[in-house]
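S.K.: Handing you this structure, nothing more for now.
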Amino acid sequence: MKSFVTLMLCLLSMTTFAQVHDEITSAMEEFDYDKVINLISPGTKDSLLLSTRIQALKAMNRYPEAIVDLTSLFVKDTTDTKILIDLAECYKLMGSPRQAADYYRKAVSLRPNNKFFRLQYIRSLLNAENFKEARDACHGWLEQDTVSATGYKYLGQAYEGMQDIPNAFFSYNVAYRRDSLDAQTVARIANIFNNNRQFTDAIDVTECYRLSDTTSVDVNRQNAKAYCMLKDYKKAIERYESLKRMGDRSFLTFYYLGISYYGDNWFYGSYDNLKEAYAKNSTDINVLYYYAKSCSRTSWKKEGVEFMEKAVEIATPGDSILERLYKGLAECYGYAGESYKKIEVMNRLYKLNKDYKLFYSIARAYDSNKDYENAIHFYEKFMSLTPKNQRFPYDEEGKIIESATTMYQIAEKRVKKIREEDFFRNGAPDDFFVVPKKIDIKKDTVAGKQ
């Protein structure tokens, strides 16, 4: 009887296990991962069930719990590369590339010829910004595979992260010669060209790539930027609008497209795109500068002043961009009709750069406000500071060019015109007619004889 009961209990246990196993299998097939996790105990000794639980945990983004279960498996077998890769991927998906790299490195040490393990190891090092270790890992890879375009591309990224641009460019160049259709390599070469102001070279390498593929976002961004920097604004607009149609909503795309529209004198297009860039980064001085200028050239002149004032506030006193911001602020005040504020800013700008030509602009601002007394004062101040060799237009032989006119001559004519108009409007000043002093002829004659 006792044996019979034991047998029945065993059969019941097996039946229950089979039912649970069927439930787990069904839940996995239905992607019901929460049910799978609940059905499998975290402390199960069954490695197959634990692996299924780990798979479900990863699917539900419960990486810390998956790592706990994976670690328990790893303790049992430290040479199982699948467990190592699962651990690395969990850390990678958690945003911990440094820990991911450690497990990829262990996998590489167990299987040094596995290209996938090595690729993931180097990528994790680059993502962790451990560029020196990434460089060393790339050299180790290239010792085994000297023709790998990918190895040289990652080596270039490592050098670029170390700010070693010459070696980065050399590495990218080798990678490019081995695979000229790798979009990432082309984009990084073009980026170095753009940063070095070699915009024509950037266009050449990206246009060559575009003959085979026009869909790479990274390549098209560098291509568009190069056109923008070369002031080929229409082509830049064409490229950036294409990027937007491809779904590119990045800050830099809106920013450079806004600048391109501004350069092409379509200020409403500039306003629309710089507004998007501003929404993504409201403290970027360059965005504020161009956004303010586009506002001032459209219907939002008051906002233009506000944004430029904000840019000036953000800039530090010793910032090299401050001079440009003052010029922009003066321009915004001018478009907003606030002439005296414009004059105030130009006076501050003169204290900064000591450019005597600002007095001409100040004079014109007073002139437009019909404040002729101050206008004459600043015209004359400008004229007095103008070097003699710049007052009149001269040709190479030193002869005056009759068809040309300098700012000095314009100021001189304007001062004369203002005074003439004032004379006819108000009459001669009190001291215009000077009465000669009486001369004592007799006294002077006697004095001469003596």
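S.K.: Net charge within 11 Å of residue 120 by Cβ-Cβ distance, Lys/Arg positive one each and Asp/Glu negative one each, not counting residue 120 itself?
M.R.: Spelling it out: positives minus negatives among the neighbours equals +4.
S.K.: Could you give the distance between the Cα centres of the range 135-204 and the range 218-278, to the whole Å?
M.R.: Going from one Cα centre to the other spans 26 Å.
S.K.: Please name which of 326, 400, 121 has its Cα lying farthest along the dipole of the chain towards the positive end, using unit charges on Cβ (Lys, Arg +1; Asp, Glu -1) and the Cα centre as origin.
M.R.: Ranked along the dipole, the leading option is 400.
S.K.: Taking only C-alpha pairs under 8 Å that are 6+ residues apart, what is the relative contact order of the range 79-204 in percent?
M.R.: Relative contact order of the range 79-204: 14 percent.
S.K.: Given Cβ point charges of +1 (Lys, Arg) and -1 (Asp, Glu) and nothing else, what value in debye, to the nearest 20, does the dipole of the range 369-425 about its Cα centre take?
M.R.: For this selection, approximately 180 debye.
S.K.: Excluding same-chain residues fewer than 8 positions from residue 413, which lysines have a Cα within less than 30 Å of its Cα?
M.R.: In chain and number order, the partners are 327, 341, 342, 351, 354, 357, 370, 381, 388, 399.
S.K.: Separate question: So for the range 369-425, averaging the separation of alpha carbon pairs under 8 Å that are six or more residues apart and normalising by length, what relative contact order in percent results?
M.R.: Relative contact order here is 36 percent.
S.K.: Excluding same-chain residues fewer than 8 positions from residue 244, which lysines have a Cα within less than 22 Å of its Cα?
M.R.: Partners found: 225, 231, 234, 235, 275, 280.
S.K.: Local charge sum around residue 143 (other residues, Cβ-Cβ under 15 Å, Lys/Arg +1, Asp/Glu -1)?
M.R.: +1
S.K.: Please label the shape of the range 369-425 as rounded, prolate or oblate, based on the square roots a ≥ b ≥ c of the eigenvalues of the alpha-carbon gyration tensor (a/c under 1.5 means rounded; beyond that, a/b larger than b/c means prolate, else oblate).
M.R.: Since a/c reaches 1.5 and a/b is larger than b/c, the shape of the range 369-425 is classed as prolate.
S.K.: Multiply the residue gap between residue 30 and residue 396 by 0.36 nm, knock off their C-alpha separation, and tell me the result in nm, one decimal place.
M.R.: 123.0 nm
S.K.: Relative to the first principal axis of the alpha-carbon coordinates of the chain, what is the inclination of helix 165-178, with its axis defined by its Cα atoms, in degrees from 0 to 90 and to the nearest 10?
M.R.: That helix lies at roughly 60 degrees to the long axis.
S.K.: Have a look at 306, 160, 30 and tell me which one the Gaussian network model of the chain (Cα, springs below 10 Å) gives the largest fluctuation.
M.R.: Comparing 306, 160, 30 in the GNM, the peak value goes to 30.
S.K.: Once you charge only the Cβ atoms, +1 for Lys and Arg and -1 for Asp and Glu, what is the size of the charge dipole of the range 223-312 about its Cα centre, to the nearest 20 debye?
M.R.: Taking the Cα centre of the range 223-312 as origin, the dipole is about 120 debye.
S.K.: Nothing charged except the Cβ atoms of Lys and Arg (+1) and of Asp and Glu (-1): what's the magnitude of the dipole of the chain about its Cα centre? Round to the nearest 20 debye.
M.R.: 1420 debye
S.K.: Can you compute the label reach from residue 196? Point 7 Å from Cα along the Cβ direction, backbone N cut-off under 14 Å, restricted to the range 120-160.
M.R.: Within reach of a label on residue 196: 160.
S.K.: How would the range 131-183 be classified by its alpha-carbon gyration tensor: rounded, prolate or oblate, with rounded meaning a/c under 1.5 and the a/b versus b/c comparison settling the rest?
M.R.: oblate
S.K.: Which is farthest toward the positive dipole end of the chain among 108, 307, 346, measuring Cα position about the Cα centre, with Cβ charges +1 (Lys, Arg) and -1 (Asp, Glu)?
M.R.: So the residue we want is 346.
S.K.: Now for a separate question. What order do you get for 211, 110 when you list them from fewest to most C-beta neighbours inside 10 Å?
M.R.: 211, 110
S.K.: I would also like to ask the following. Taking a point 7 angstrom from the Cα of residue 281 along the C-beta vector, which residues in the range 253-274 have backbone N less than 17 Å away?
M.R.: In the range 253-274, the label zone of residue 281 (backbone N under 17 Å from the point 7 Å along Cα→Cβ) covers 253-260, 273-274.
S.K.: Using amide H atoms built 1.01 Å from N in the peptide plane, name the residues 5+ places from residue 394, or on other chains, whose amide H lies under 5 Å from its own.
M.R.: 401
S.K.: Where a ≥ b ≥ c are the square roots of the eigenvalues of the C-alpha gyration tensor, would you call the range 71-209 rounded, which needs a/c under 1.5, or, failing that, prolate if a/b is larger than b/c, or oblate?
M.R.: prolate
S.K.: Any idea what angle helix 115-127 forms with the longest principal axis of the chain, computed on alpha-carbon atoms, 0 to 90 degrees, nearest 10?
M.R.: Relative to the chain, helix 115-127 is tipped by roughly 40 degrees.
S.K.: Order of 329-336, 256-263 by packing, highest average Cβ count within 10 Å first?
M.R.: The peptides rank, most packed first, as 256-263, 329-336.
S.K.: Now a separate question. Would you list, by chain and number, the aspartates and glutamates whose Cα falls below 20 Å from the Cα of residue 82, excluding same-chain residues fewer than 8 positions away?
M.R.: List returned: 46, 65, 69, 102.
S.K.: Follow-up. With Cβ to Cβ distances under 12 Å as the rule, what net charge do the other residues near residue 41 carry (K, R +1; D, E -1)?
M.R.: Here the charged neighbours net out to 0.
S.K.: Mind pulling the angle between the C-alpha long axis of helix 285-296 and the longest principal axis of the chain? Nearest 10 degrees, somewhere in 0 to 90.
M.R.: Taking the Cα atoms of the chain, the angle to 285-296 is about 60 degrees.
Every number in this text was worked out from the coordinates using simple rules, so none of it is lab data. Being a predicted model, the structure only gives us computed values, none of them experimental. Here Cβ is always computed from backbone atoms with ideal geometry, including for glycine, and neighbour counts include all displayed protein chains.
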